[in-house]
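Working notes, beginning with the structure itself.
The values are calculated or read from the model by the stated rules, or taken from the named source; none is laboratory data. All values derive from a computational prediction rather than experimental measurement. Because the Cβ atoms are built from the backbone with ideal geometry, glycine has one as well, and the counts that use them run over all protein chains shown. Accessible surface is based on the protein model in full, side chains and every heavy atom, while ligands, DNA and RNA are left aside. Shrake-Rupley method; radii C 1.70, N 1.55, O 1.52, S 1.80 Å.
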Amino acid sequence: MAACLLNGLAADISTNTPDHRAAALYRRGVNFGNHLEFGASFDENRYKREDYVRVKAAGFDHIRIPIAWHAHTAAGPDFLIDEKFFAVVDRMVVHARAAGLRVILNDHHFDALTNDPWSQTNKFCAIWRQVATHYREAEDIIFELLNEPKDKATAEVMNVIWAQGIETIRQVAPARTIMVGTARWNSTDTITALKLPEADRNLIVTVHCYEPFLFTHQGATWAGNDPLTVGVKFPGPPETPIDKYPKATNTWVARWIADYNTQPTEKNPSSAKAFRPRLEKAAQWGREHGRPVYLGEFGAIKNADPKSRANYDRAMRETCEEFGLGWAVWDWNAMFEVQSLLPEFGLKK
Ligand code: BGC
């Protein structure tokens, strides 16, 4: 235990707390994405029992399940979650347990909340009251309140909503670990704006990092024109310079591609330089505030070449491990498909 000066007050920064003990069990994870997070429809056989077994055999210790609970409720004021949907999530938890994997359950793509937060806080709390009650005894489950706050869900707004969500869960599941994210898509930049109930020492802070974005999201159709230049390697520079996608008109994109084509690896924007300072900053904030920090998403889209994707995933993993951050790669078998990179990812080495 060490004493440290926080906002002018002496605070005890201890790592012998429930959240640090939980974080020690969630070191290496994978996202079971493109399944329950898109709304009311899904294919229940999307993830098979063999997937859980292979995830465990590859060296992972947990899965993160993105879930659109908000699309499976009845009307307010109770917002009752459909029992059949609970059963779907239960079956995933059973498969994970049988394979020896821990689980993170979140609420994902709750756009009604991020567009108009105050109109949805009752629903948000009703969802977490039910989910936390349902899994209140589950020591192998962490509740992550909301994926990627954005738009009107600013840091200031979310600081209030986090406190409400945490209080709601604490009434029914006082012993469970809760994950809370940073604003602007779980950015590492906004971690300094996060304010959490000081006395609650069972909270893990979760960030995402997809930098360098023009590498990890090359050709991603859901992110505007900026990342549509394909053929970007990791690390740069390439042997043959590439041309920018003509409709990517933002000046930073042109500058990024020019630097990518010409700068040596240690200065190249497609290198560890793009994420290392961010992860270091997040880890540093965690140490200063006595909060474990976790990287809930990173990964490289299948449009990139396999060697570059493996280089990137491995570099991210090693950097997280150097800074003491648990992590979960996006995703197992969808657009970012880490399952095809397992030997290169080097988990078992
Ligand atoms: C989104 C996915 C997307 C991934 C990478 C996740 O948070 O839910 O749809 O593929 O980020 O952009």
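Annotations
- Filter pass, residue 239 being open to solvent by 10 Å² or more (accessible area, probe 1.4 Å), on the phi < 0 side of the Ramachandran plot, among the acidic types (Asp, Glu) and more than 16 Å from the ligand (Cβ to nearest atom): yes
- Conditions (1) over 30 Å from residue 323 (Cα atoms); (2) more than 16 Å from the ligand (Cβ to nearest atom); (3) of a type outside the set (Phe, Trp, Tyr); (4) open to solvent by 10 Å² or more (accessible area, probe 1.4 Å): number failed by residue 126: (4)
- Scan of the range 310-333 for residues that are open to solvent by 10 Å² or more (accessible area, probe 1.4 Å) and either within 16 Å of the ligand (Cβ to nearest atom) or touching a Ser or Thr at 6+ places or on another chain (Cβ under 9 Å) (or both), ordered by number: 315, 330, 333
- Within the range 334-347, the set of residues being more than 12 Å from the ligand (Cβ to nearest atom), open to solvent by 10 Å² or more (accessible area, probe 1.4 Å) and farther than 28 Å from residue 19 by Cβ comprises 339, 340, 342, 343, 344.
- Taken together, the criteria place residue 141 among residues that are in contact with a Phe, Trp or Tyr (Cβ under 6 Å, 6 or more places away or on another chain), under 23 Å from residue 27 (Cα atoms), in the same structural domain as residue 291 (by TED's automatic domain parsing) and not hydroxyl-bearing (Ser, Thr, Tyr).
- Among the residues listed as 149, 117, 66, the single one being buried (at least 22 other Cβ atoms within 10 Å of the Cβ) and in contact with a Ser or Thr (Cβ under 9 Å, 6 or more places away or on another chain): 149
- Contacts under 7 angstrom Cβ, first residue in the range 277-292 being open to solvent by 20 Å² or more (accessible area, probe 1.4 Å), partner not aliphatic (A, V, I, L, M), 6 or more apart: 278/188; 278/209; 278/211; 280/323; 281/188; 288/4
- Evaluated against (1) outside any loop (DSSP other than H, G, I, E, B); (2) closer than 25 Å to residue 148 by Cβ, residue 260 falls short on exactly one condition, (2).
- Residue selected from the range 197-234 under the condition among the small types (Gly, Ala, Ser) and without any contact (Cβ under 8 Å) to a residue 12 or more places away in the chain, by the criterion nearest to the ligand (Cβ to nearest atom): 223
- The listed residue being in contact with a Cys (Cβ under 8 Å, 6 or more places away or on another chain) and modelled with pLDDT of 95 or more, out of 298, 323: 298
- Filtering the range 201-209 for residues that are at pLDDT 95 or above and more than 16 Å from residue 294 (Cβ to Cβ) leaves an empty set.
- Filtering the range 289-309 to residues that are within 13 Å of the ligand (Cβ to nearest atom) and not small (Gly, Ala, Ser) leaves 295, 297, 298, 301, 302, 303.
- Matching residues, the range 86-123, being free of Cβ contacts under 8 Å to residues at least 60 places away in the same chain and basic (Lys, Arg): 91, 97, 123
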